[in-house]
Amino acid sequence: MAKDEVFPVDENDDDVVVTISLDDGTEMTCEILTIFDCGGDQDYIALLPIAENGKPLGDECDEAFIYRYFENEDGTPVLDNIATDEEYEMVSDRFDELLDEAEFDEMD
């Protein structure tokens, strides 16, 4: 992937959803917003929690979850928690930039 490249999860522009297990053992269904990098080798994924009716649980992207993203040897997607506050700040800032760019593109 090229530096700072963002790619759609589904080229047909359909919403792709996943179910994640939270630390307390509950499960949450989320829409995959995007998978992106911050200029390094690590990819990240932004997930938006959705209700059973398919509507976002939070206000727009204010409630997005961001995780480290990679695929293991057999191609299975794996999510991992972001390790440090510094890494989270960097990834969060990049995600905010992507949101700003998306809003700007919609205005054109």
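The values are calculated or read from the model by the stated rules, or taken from the named source; none is laboratory data. What you see is a predicted model; the values in this text were computed from it and never measured. So basically every Cβ, Gly included, is an ideal-geometry build from the backbone, and we count neighbours across all protein chains shown.
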For region 3-45: of the residues being exposed (fewer than 10 other Cβ atoms within 10 Å of the Cβ), acidic (Asp, Glu) and assigned to a loop (DSSP other than H, G, I, E, B), which is modelled with the highest pLDDT?
Asp24
May I ask you to list the residues in region 52-86 that are at pLDDT below 90 and under 21 Å from Leu99 (Cβ atoms)?
Gly54, Lys55, Pro56, Leu57, Gly58, Asp59, Glu60, Cys61, Asp62, Glu63, Ala64
